[in-house]
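First comes the structure, then the notes that go with it.
Bear in mind these aren't lab numbers, they're just calculated from the coordinates by the rules spelled out. Since the structure is predicted, the reported quantities are computational estimates derived from the model, not experimental observations. Quick reminder, even Gly has a Cβ in these numbers, built from the backbone with ideal geometry, and neighbours come from all protein chains shown.
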Amino acid sequence: MADLLVYSEKTQAACELAAKGREFAQALGLGVSAAALGEGAAAAAAELGAAGADRVFVSEDPALEGWPADSVAVALAQIAAEADAKVVLLGSTRRGKELAGRLAEKLGAGAVTDVNGLELEGGEFVAARYAFAGATVAREKVAGDVKVFAVMPKTFSSEGATAGAGTVVTPALELATGMKVVERRAKEGDAVSLDAAPRIVGVGRGFATREDLSLGDQLAEALEGVVGCTKSLADFQWLGEDRIIGLSGAKTAPDLYLSVGISGQVQHTVGVSSAKLIAAINKDKDAPIFQMADYGIVGDLYEVVPAVVERLKVV
Amino acid sequence: MEKVECIVVGGGLAGLSAAYGLAGAGAEVMVLERGDYAGAKNVTGGRLYVSPIRGFYPELWEEAPFERPVARELITMMGDGAHTTFELASDHLVAGPPQSYTVVRARLDQWLAEKVGEKGGMVVPGMKVDELLRKDGRIVGIRAGEDEIGADVVVVAEGVLRLLAEPAGLAARPDEKDHALGYKEVIELPAGVIEDRWNLNPGEGAAQLFLGTVTDGMMGGGFLYTNKESISLGVVVGMHAMKADGREIESHQLLERFKELPQIKPLVAGGTVAEYSAHAIPEGGIAKVPRLYGDGYVLAGDAAGLSLNALVTVRGMDFAIASGYHAAQAMLRAKAAGDFSAAGLASYEAALRDSFVLKDLETARAYPQFMEVPRLFRQYPTAVSRLFEDVFTVGPGPTPPLVKKAWRGVKRDFLRPSTLQDAWLARKL
Amino acid sequence: MNIDAKLGLDVFKLDKEPHIVIAQEVCATVCTNRACLYVCPADLYELDDAKRMTVNWEGCLECGTCMICCEPRALTWSYPRSQFGVQYRMS
Amino acid sequence: MDIVVCVKTNPDPQMVRIKDREPVIEAVPFKLGDLDKNALETAIQVRDAAGGKVVALTVAETNRKIKETIKDALAMGADEAVIVDDPAAATLDQAGVATVIAAAVKKLPACDLLLFGEGSSDNYTGQVPSRVAEKLGVPQVGYARKVEAAGDAVRCERSMDEMIETLELPLPAAVTVVSEINEPRIPSLMHIMKAGSKPTQVWSLADIGLDAGALAPKQEVLSNLAEEQDRKHIVFEGTVAEQAEAFVNALVKEGVVGR
């Protein structure tokens, strides 16, 4: 039986793909295979099964440590052959994107990366992704026997997934990587993970000084969220680059995105357009951010933010 | 020092026109333009009079990316609570080769830069010139960043602010008394809507000027030009007038108020503002035109103060193109003679004196002074509207004869000592 | 439509360094009319809490009106460096 | 070290505007991608440290514009340029572009290091570098923020989601860089003037042994429109306290706070 194959080095992202992949697979009469590779693969197998995978190909081969694109691509190509995969869904993380082209090339497949919407239309996949620096959304179709889609994490949900059999398969892989790891270290300083945060406060040029950003911190604290920023604040070195949201930074999908002092240029908003709820505080009623906001306050952030923080304390 | 025959500072219409002529004749020419492309830093109100320049580079104007030929000319006098519009719709405006076209500089200048390239000229965008190099009283080249490049002749077509010409001693610092601020919105509207609103045949355009309440009585006015699928709507206001006004009206609010006027609002209804731009305009007239050439340089376009606000016709781009053309011709003569000194380049100014450029500016010598008349922008637009209001009014009682109605209005608003004084001044126009 | 929204329509390539610098001494002591506050078509000039003049040069349309109108010549005014500043697309 | 930097010219994305949901690219100038400039800057620095030369390679329809934009790469400091002229370049998909690049690289006398930006400024797919690496059978590292020559290897530091990795790849290798790796130099006037005399070769597909028929795209773009946002657009008015009250109440009601 032909399969739909899902893989991401991030187990959560892989589970999301398995859950949605199961829907696609049912519509197309395919089975669902998942691959779990590298460190911790065995542990992920059960989760993938619960998320919808019928079979989970597991390998902790040392050549997969650190997920080098060359050996992961070899492993996945072998697994895809074994599973007779017609569709491969990858997580569009940095590693996943790097892998997508390489794997697609091995499979002779067309591929779409940074997918933030994937649907079946008349039995054919149509993928959506941003183009022109986020100004537009391109809808693309892939021809050929095998298709690869790298889907951004959080595009789909694994909640309420129908479990698959989760049968563990241990493939015989022949792997080698040309990459030598010199060092791996955790990120220094105030590393944050924006793409996992359920509530994000975005700060921008409306803040006059670096010190004033403490208002944003207070707001984030009151919301139990994290602070992200526009590229310009990182350019000023007011905040680290890992805080950037948008085209040149994180693409997020929080439950709440609250922008403060951000006008809403598309290069930034492309990173939050998948948020469930968008709220904005800006002094300019015509700021483009309000055109994409569910709730807005037109006002001086220096007055509004403290008031909102106070009010949040009594929720 | 690296050297080329000719460096043109500024890829606007003056600079590109000079470069086109030079490159076409085989001279080595390099245009340095600080914008990302020619036209990226340029702003026009919107209209180029092509008639005066059609003879220069005739092959160009046939295919230039103009917006619309102007088939309708409108002038609106705006008073408090009333306005009067004079409209000319004449076949002669567009019969045969049209007299004028609306233009968008980003398109026109980019295209002309490409034409210069096709002739073998080098256009370098994204390159700001920092200094004109002087040696022994002669302009010998330019400095851009750390690079100094020499040239037989530098065409100084840097634009109105003279950030290079003034420190080099070639022209005076721009004075607020001789300059106006022009700024505008480009508002997108479908072609069909534009043609309906201004009663235009498909493809044809309108130009509309507004005097009076637009500038709140300050020297200046409003303008509206129809492009292919947008209109340019803006305000020109004298810098000196703004400062002398004393009420400290923020300049940008004038345009917003203009747009909200009941006469304007329906014209822009449904449109989408797509760009906001501003530029300074030289309005000093012939009296403020500096010496146009010297050892190793010529001045062209706005940098030379070549523009003319004659109230109903506002010109500058045609002067820029003409000055560029004549600059190129003069430099080619200088090259042939091997003399790039002031004497070798003197034919430039002579040619401009023989042409419409300095002749029209000379004819308009009195305009800048006349523009200082405050009544021109406050009382008269209102008075004109009141006069027509009287003429068209039929009241409850017996209506006086038409001539009497008109005469009463003329006597009331026009036959006054101040007005007669203005008329005396206007005789020189 | 307010002025910030209008400027938001324009393309600005932002430099890290300002191209307009105000000589605070001159501005505060010599200037009598503070014309920059109202002549600038982009409304970029503001007095801060300490009544010092500030200019939000990032939104500069490069028209030069402030420079021309500044009587005490308190502005060091240059065009933005190569490849920076406003880039008009339809003006 | 012989370095090949793959560059692509695109309509300047900052200048592209949206009208009736369609991108307007008419009259938008073409320029090298910003990330391509980061890759070029990296190549120039590695060359200046380790010796060798830098070739800028692009796949495009040959016209005056591409010749001018590729000159920007030469002005920045590339030693040579190669334009692979494909009249159908605009419709090639990533697999097609990778096929052309790989074939062109094979025709070059030497290539130790292939550098790319992490994505192009228009589509940003990031696929081409890995496809090229696969076609050439060389290892690859994406998202490098530091690249140095290390003997017959290249050492890269990159920032991944939770960790910083330092990796060494034996040459030849492919590397993509991110924008924070450097500040690309703005070419000086003198360098721009001299760029015109640097060698620029134009190769046809036949020159690199390819046939246009073999490059048929596998991807088809059905539409490319600005997104329609389906949002509530509720703006709270009143005093600051009233605004804050109504705002927080709305967030509570939506279930995003106070659970």
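Annotations
- Take every pair of alpha-carbon atoms less than 8 Å apart whose residues are at least six positions apart; their mean separation over the length of chain D yields a relative contact order of 23 percent.
- DSSP-defined antiparallel bridges as percent of all bridges, chain D, nearest 5: 40
- Of all beta bridges that DSSP places with both ends in the protein assembly as shown, some 50 percent have antiparallel geometry.
- A DSSP coil position with no more than 15 other Cβ atoms inside 10 Å describes the following GluC sites (Glu not before Pro) in the range D:195-253: D:Glu228, D:Glu237.
- Inter-probe distance in nm under a simple model that places probes 7 Å from Cα toward Cβ, at A:Gln12 and B:Asp80: 6.7
- Which listed pairs, of B:Lys3/C:Lys16; D:Lys65/D:Lys146; A:Lys141/D:Lys106; B:Lys228/B:Lys259; C:Lys6/D:Lys65; B:Lys3/B:Lys359, have C-alpha distances above 24 Å, in listed order: B:Lys3/C:Lys16; D:Lys65/D:Lys146; A:Lys141/D:Lys106; C:Lys6/D:Lys65; B:Lys3/B:Lys359
- Secondary-structure-derived ellipticity at 222 nm for chain B, considering helices only, amounts to -9500 deg cm²/dmol, per-run term -39500 (n - 2.57) for DSSP H runs with n ≥ 4.
- Working note: 222 nm ellipticity from helices only, DSSP H runs with n ≥ 4, each -39,500 (n - 2.57), summed and divided by the residues of chain A, gives -8500 deg cm²/dmol to the nearest 500.
- Placing a label point 7 Å from the Cα of A:Arg210 along the Cα-to-Cβ direction, the residues of the range A:237-268 whose backbone N falls under 12 Å of that point are A:237-240.
- Placing +1 on the Cβ of every Lys and Arg and -1 on the Cβ of every Asp and Glu, with nothing else charged, gives the range D:190-236 a dipole about its Cα centre of roughly 340 debye.
- Nearest-20 debye value, chain D charge dipole, Cβ charges on Lys, Arg, Asp, Glu: 580
- In terms of packing, defined here as the mean over residues of other Cβ atoms within 10 angstrom, the peptides A:123-129, B:199-205, C:36-42 line up highest first as C:36-42, A:123-129, B:199-205.
- 0 to 90° range, to nearest 10: angle between helix D:240-253 axis and chain D longest Cα axis: 80
- Relative exposure of C:Cys66, D:Cys111, judged by other C-beta atoms within 10 Å (fewest first): D:Cys111, C:Cys66
- Among D:Gly77, A:Gly261, B:Ala343 the positive-end extreme of the charge dipole of the protein assembly as shown (Cβ point charges): B:Ala343
- Peptides A:108-119, A:231-242 ordered by packing proxy, namely the average of other Cβ atoms within 10 Å per residue, highest first: A:108-119, A:231-242.
- Relative contact order (%) - criterion: Cα under 8 Å, at least six apart; region: the range A:194-313: 25
- Sites excluded, trypsin sites (Lys or Arg not before Pro) in DSSP loops with at most 10 other C-beta within 10 Å, longest stretch of chain B: B:1-246
- Listed residues B:Pro417, B:Leu376, B:Trp407: farthest to the positive end of the dipole of the range B:370-426 (Cβ charges): B:Trp407
- Relative contact order (%) - the range D:51-94, alpha-carbon pairs under 8 angstrom, separation at least six: 52
- The mean count of C-beta atoms from other chains within 10 Å of the C-beta of residues in B:374-381, rounded to a whole number, is 0.
- The lysines within cross-link reach of A:Lys276, meaning a Cα-to-Cα straight distance under 24 Å and a gap of 8 or more places when in the same chain, are A:Lys10, A:Lys20, A:Lys154, A:Lys231, A:Lys251, A:Lys285, A:Lys313, D:Lys232, D:Lys253.
- The stretch between B:Val391 and B:Arg291, if pulled fully straight at 0.36 nm per residue, gains 30.9 nm over its current Cα-Cα span.
- Per-residue mean of foreign Cβ neighbours for D:180-188 is 3 (Cβ atoms of other chains, 10 Å radius).
- Of all aspartates and glutamates in the structure, the ones whose alpha carbon falls short of 16 Å from that of D:Lys218, not counting any fewer than 8 places away in one chain, are A:Glu105, A:Glu124, A:Glu140, A:Asp145, D:Asp93.
- Packing rank of D:26-32, D:49-55, A:65-71, A:23-29, where each peptide gets the mean count of other beta carbons within 10 Å, highest leading: A:65-71, D:26-32, D:49-55, A:23-29
- Exercise: per-residue mean of other protein chain Cβ atoms within 10 Å, D:239-250: 6
- Approximate spin-label separation A:Gln26-A:Ala196, in nm, with each point projected 7 Å along Cα-to-Cβ: 3.0
- For the range D:139-259, size of Cβ-based charge dipole, Lys and Arg +1, Asp and Glu -1, in debye: 420
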